[in-house]
Amino acid sequence: MSTSPDALTVRDHNTLFNSPEYQEQRERKKQFEGGSAPEEVARVAEWTRSWEYREKNFARQHLTVNPLRACQPLGAVLAALGFAGTLPLVHGSQGCTSYFRGHLSRHFKEPVPTVSSSMTEDSAVFGGLSNLIEALGTSVHLYKPDMVAVSTTCMAEVIGDDLQNFIASARTKGAITEDIPVPYAHTPSFVGSHVLGYDNMLRGILSYLTEGKKSTSNGTINIVPGFDPYVGNIREIKRLLTLLGIKHVVLGDHSDSLDSPATGEYHMYPGGTPLAVAGDSINADATVFLQALGSKRTKEIVNGWAGEAVLLNPPIGIANTDTFVTEVARVAGVEVPDEITAERGRLLDAMTDSHAYLHGKRVAIAGDPDFVNGMLGFLLEMGMEPIHVVSSNGDATWAERAKGILAASPFGAKATVWPGKDAWHLRSLVFTEPVDLIVGPTHLKHLAREANVQLFRAGFPIFDRHHLHRFPIYGYAGGLHLLTQLVNSILDEVDRNAPDHSFDIVR
Amino acid sequence: MTPPVTTSAETQAMIDDVLSAYPPKVEKDRHKHVKPNDQSGGKECEVKSNVKSRPGIMTMRGCAYAGSKGVVWGPIKDLISISHGPVGCGQYTWGTRRNYANGQLGIDNFTVMQITSDFQEKDIVFGGDKKLAAILDELVEVFPLAKGVSVQSECPIGLIGDDIDAVSNEGTKRLGLPVVPVKCEGFRGISQSLGHHIANDAIRDHMLGSRELPEQTPYDITLLGDYNIGGDAWASRKILEDMGLRVIAQWSGDGTVNEMATAHLAKLNVLHCYRSMNYIATTMEERYGTPWMEFNFFGPTKIVESMRKIAEFFDDTIKEKTEAAIASYQAFFDKVHETYRHRLEGKTVMLAVGGLRPRHTVGAYEDLGMEVIGTGYEFGHKDDYTRSYPELKQGIVVYDDPTAYEMEEFARRLKPDLIGAGIKEKYVSHKMRTPFRQMHSWDYSGPYHGVDGFAIFARDMDSAVNSPTWNLFDAPWASAKKG
């Protein structure tokens with residue numbers, strides 16, 4: 001643009017409305033608003049930060065405010081995208097599908113192709129059979145998938161649609177051929193969360209693809225990432241296993257489906273675990289679950305497979321990654337190569353270098369159950385002190401595990417674990433028992449700003465920062481990435497708030 | 001750089017080719033929805049609209065809940081909209097529409113919050129009425145400054161036979177606050193559109209005309225159908241106030257319960273998004289005799305035209321102020337033109353949006369020398385298309401409820417310099433090396449309405465179209481290989 005003094009200055013919403021003319025407009029509008037007096041607003045705001053309010057807030061029995069969890073079919077869509085050529089089809093109202101596509105796109109910054117059976121009021125009366133048949137027929141004809149993975153919205157669940165029969169009907173009526181795989185999962189939104197939906201859909205897909213495929217060992221280790229919002233994690237796990245010389249299969253692998261290169265051409269199905277490979281997963285020597293809590297349904301079918309099932313905490317930080325490496329090396333019968341030991345040493349070296357800026361920081365953490373438990377390991381290793389540990393979709397089992405992790409470290413002594421609580425509960429916790437840092441998804445940003453506490457974005461969803469999910473937080477390399485982000489974001493804050501004399505050149 | 005003129009025949013040939021990929025029944029159906037534009041609005045070329053999307057086609061559309069909670073009710077800042085049912089719907093709409101509002105979040109402003117009854121299996125089995133009643137009691141304890149509540153029904157509510165009317169009526173009496181039941185279950189209707197209508201009807205039945213203002217003036221108007229996305233309504237309100245008008249109610253962006261209840265006192269309703277609020281405008285006309293008119297505050301041509309049209313309704317004082325305001329804007333408009341027009345002249349645009357934008361933004365693009373070569377509505381009705389045909393160039397493709405496949409194929413063939421659609425289309429466009437702007441959320445920018453908005457609109461279109469990133473797609477070794 002021109003740099004002349006009379007050049008156009010474009011002021012957008014960030015600065016425009018600070019100008020006097022808009023401030024005056026804002027004041028003028030108040031006469032029509034019927035709002036509360038400013039003193040009253042200030043008094044109530046202050047009161048909501050008190051212990052008295054905290055008790056009232058925690059007395060809520062029925063009302064949910066700012067929960068940090070989504071519904072089952074969202075997870076089912078992500079699970080489907082982990083398989084090659086797979087089109088997710090959500091049976092029910094069409095608005096849900098638009099929401100899932102938008103929600104995942106906002107996090108991954110990628111296209112999310114998913115179709116709906118577009119049920120309407122008449123389907124509520126007559127059932128959704130004809131909708132599902134047409135949806136299968138049209139989508140397979142038009143979008144040419146190798147597999148369609150069907151899940152359900154609450155509408156289809158409330159009226160009791162039977163996916164197994166409906167899909168069979170679609171075949172007998174010739175809408176789709178006999179040979180196209182159409183696994184399914186019932187994923188009612190009023191049970192569990194997106195984590196359960198992922199687990200249910202994965203179970204559905206694996207049950208379908210592995211049926212009748214039982215044979216002798218294929219010498220492979222299966223890795224089940226679970227609902228993983230970091231495509232970088234899946235890539236990192238694959239890299240580590242390759243370094244270890246372990247033949248492996250990821251079930252399912254959405255790292256390419258949700259991180260495809262820009263080439264000038266749009267491909268609807270980039271990447272994903274090949275269906276034949278997934279079908280053979282039943283013959284693996286072991287199946288390693290990276291989200292122990294979020295894989296219960298899939299584990300039930302894996303229990304019937306020949307190989308061992310290994311349930312792990314997500315490999316975040318040194319000890320969790322050590323366990324992962326040790327376990328996969330054990331089940332595969334390999335030695336850990338020096339290169340991995342060196343990687344571990346590099347992470348550790350960085351942790352010792354940075355520990356001073358993290359040690360003793362009081363932390364509130366919130367997110368999906370397995371994510372929180374994995375992160376706790378890393379935070380404690382850095383000498384950080386978890387204070388409030390919240391998971392809106394965490395149950396009693398999660399809470400027990402989290403407490404166990406905290407109890408194993410002296411830095412965990414001050415923590416309280418809150419299963420099933422929401423971000424409005426967390427707000428009360430943070431105001432009554434302050435922290436230095438909040439770790440969790442984007443939706444905590446208002447709370448963090450109001451409490452004047454830094455938010456370290458991690459978990460799902462992250463809508464307001466770019467590309468974090470493309471990097472790993474798993475493994476030693478992921479740990480280094482996580483540490484780098486964490487310590488530097490803290491140092492950015494230190495610098496931003498430093499008095500002139502303390503604005504140090506070296507930190 | 002004048003874009004090639006497309007004839008209706010060429011467009012029809014393209015449409016035929018693209019639609020031939022569908023199964024025959026679907027192909028036949030889609031032909032009714034995709035046509036070359038006929039400016040005269042001839043019957044032949046009339047696009048069929050507002051009917052069900054075919055299952056499995058990958059529609060962009062949402063649902064009635066999205067139209068009610070997401071569009072109409074959600075932006076009202078001092079009222080708590082309960083997403084009544086399972087957790088998802090409220091989660092996916094939590095702050096994503098960018099309805100800006102002044103006020104303190106969680107204290108006297110409840111816009112960017114996810115407040116839900118979070119149905120569990122037992123609520124489906126035994127019904128959720130008792131739970132809803134209990135939630136109302138908890139709400140006033142936890143949020144004492146809330147001025148009202150709306151109950152936004154999700155799919156299960158209508159299916160399990162809950163009586164939210166009764167619970168809401170009792171709640172209104174018990175709490176001394178308006179508690180408004182809204183039956184906007186996602187399966188009702190065929191898109192967001194019925195949700196708008198249901199939401200309007202709920203305002204009519206529970207809010208409209210229920211309060212008075214201490215004083216009235218001959219210049220009292222309401223600003224309807226502006227959701228203050230990125231501050232749109234504030235930029236629009238500025239123009240209306242510059243014209244000497246008194247905006248007594250703003251619906252629903254940065255709006256309040258009081259403004260919903262006093263809007264009937266206006267002398268004129270001005271309506272930006274016709275699609276989502278024509279119902280209440282018509283109701284006010286019937287019930288209170290309040291006239292209403294549509295306007296368009298995108299881009300200088302339409303802004304000036306609309307200002308004069310609105311001023312026509314008032315006396316000379318307003319007309320004079322309007323002319324003075326127009327004159328005062330001119331230098332700014334000129335500067336925007338001077339800065340951006342040469343960078344955008346001749347660039348082509350494909351649009352696919354909701355509400356009013358597939359037609360209302362056309363003028364703003366044209367003000368920058370750009371040309372819309374394809375457009376369509378996600379959930380438009382016949383009256384939207386009738387209003388659109390004359391605004392669009394003859395022969396360009398008009399698509400109703402376009403599918404992901406159609407958008408991709410039309411883009412591949414028409415090679416637009418810019419696509420304006422939603423989040424679901426954005427990243428497909430990026431993969432295809434096609435500049436893109438989200439035209440629902442303004443891609444986290446805005447406002448785009450009003451005088452101030454035009455500069456931002458121009459800047460953003462320029463940054464998309466002229467980003468150097470689009471020039472980096474070919475790896476040198478790849479082009480060397482091609483020879």
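The values are calculated or read from the model by the stated rules, or taken from the named source; none is laboratory data. Worth saying up front: this structure is predicted, and the values here are computed from it rather than measured. All Cβ positions, even for glycine, are placed from backbone atoms using ideal geometry, and neighbour counts span all protein chains on display. With ligands, DNA and RNA removed, areas are computed over all heavy atoms of the protein, side chains included. Shrake-Rupley method; radii C 1.70, N 1.55, O 1.52, S 1.80 Å.
Some values worked out for this structure:
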item: Top-ranked residue in segment B:416-436 [being open to solvent by 30 Å² or more (accessible area, probe 1.4 Å) and without any contact (Cβ under 8 Å) to a residue 60 or more places away in the chain; ranked as farthest from A:Leu16 (Cα to Cα)]; result: B:Arg433
item: For A:Ser151: the one exception among (1) hydroxyl-bearing (Ser, Thr, Tyr); (2) more than 7 Å from chain B (Cβ to nearest Cβ); (3) not in a strand (DSSP E or B); result: (3)
item: Which listed residue is at the interface with chain B (Cβ under 7 Å from one of its Cβ atoms) and more than 27 Å from A:Ala366 (Cα to Cα), from A:Ser105, A:Ser118; result: A:Ser118
item: Subset of segment A:415-472 (residues that are touching a Gly at 6+ places or on another chain (Cβ under 6 Å) and under 23 Å from A:Arg235 (Cβ atoms)); result: A:Pro441, A:Gly459, A:Arg470, A:Phe471, A:Pro472
item: Matching option when the condition is away from chain B (no Cβ under 14 Å) and in a helix (DSSP H, G or I), among A:Glu236, A:Glu178; result: A:Glu236
item: Lone unmet requirement of (1) open to solvent by 10 Å² or more (accessible area, probe 1.4 Å); (2) not in a helix (DSSP H, G or I) for B:Ala166; result: (2)
item: Filtered residue count, segment A:1-58, keeping only those that are under 41 Å from the mean Cα position of the chain (by Cα) and among the polar types (S, T, N, Q); result: 10
item: Every residue from segment B:433-456 that is in contact with a strand residue (DSSP E or B) (Cβ under 9 Å, 6 or more places away or on another chain), within 8 Å of chain A (Cβ to nearest Cβ) and farther than 25 Å from B:Ile303 by Cβ; result: none
item: Count of residues meeting criterion [open to solvent by 10 Å² or more (accessible area, probe 1.4 Å), under 27 Å from A:Cys154 (Cβ atoms) and among the hydroxyl-bearing types (Ser, Thr, Tyr)] in segment A:190-220; result: 2
item: Residues that are among the β-branched types (Val, Ile, Thr) and within 14 Å of chain A (Cβ to nearest Cβ), drawn from segment B:30-56; result: B:Val51
item: Residue in segment B:91-109 that is more than 7 Å from every other protein chain (Cβ to nearest Cβ), open to solvent by less than 30 Å² (accessible area, probe 1.4 Å) and among the aromatic types (Phe, Trp, Tyr) present; result: no
item: Matching residues, segment B:251-299, being part of a helix (DSSP H, G or I), of a type outside the set (Gly, Ala, Ser) and open to solvent by less than 10 Å² (accessible area, probe 1.4 Å); result: B:Val257, B:Glu259, B:Met260, B:Thr262, B:Arg275, B:Met277, B:Ile280, B:Met284
item: Flag if B:Gly376 is away from every other protein chain (no Cβ under 14 Å), in contact with a Phe, Trp or Tyr (Cβ under 8 Å, 6 or more places away or on another chain) and among the small types (Gly, Ala, Ser); result: yes
item: Options A:Thr326, A:Thr321, A:Thr352; residue that is more than 30 Å from A:Ile205 (Cα to Cα), hydroxyl-bearing (Ser, Thr, Tyr) and assigned to a helix (DSSP H, G or I); result: A:Thr352
item: Condition met for B:Thr59 (more than 7 Å from every other protein chain (Cβ to nearest Cβ) and either open to solvent by less than 20 Å² (accessible area, probe 1.4 Å) or more than 30 Å from B:Tyr22 (Cα to Cα) (or both)); result: no
item: Those residues of segment A:95-148 which are charged (D, E, K, R), over 15 Å from B:Met60 (Cα atoms) and in a helix (DSSP H, G or I), in sequence order; result: A:Arg106, A:Glu121, A:Asp122, A:Glu134
item: Candidate set from segment B:100-121 (those that are in contact with a helix residue (DSSP H, G or I) (Cβ under 9 Å, 6 or more places away or on another chain) and not in a loop (DSSP other than H, G, I, E, B)); member that is farthest from A:Lys29 (Cα to Cα); result: B:Thr116
item: Residue, most open to solvent (accessible area, probe 1.4 Å), within segment B:10-38, restricted to residues that are out of contact with any helix residue (DSSP H, G or I) (no Cβ under 7 Å at 6 or more places or on another chain) and among the acidic types (Asp, Glu); result: B:Glu10
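Condition check ((1) in contact with a helix residue (DSSP H, G or I) (Cβ under 8 Å, 6 or more places away or on another chain); (2) among the β-branched types (Val, Ile, Thr); (3) part of a loop (DSSP other than H, G, I, E, B)) across all residues:
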{"position": "B:Glu170", "(1), (2), (3)": "yes, no, no"}
{"position": "B:His197", "(1), (2), (3)": "yes, no, no"}
{"position": "B:Asp201", "(1), (2), (3)": "yes, no, no"}
{"position": "B:Asp205", "(1), (2), (3)": "no, no, no"}
{"position": "B:Ala235", "(1), (2), (3)": "yes, no, no"}
{"position": "B:Gly244", "(1), (2), (3)": "yes, no, yes"}
{"position": "B:Val247", "(1), (2), (3)": "yes, yes, no"}
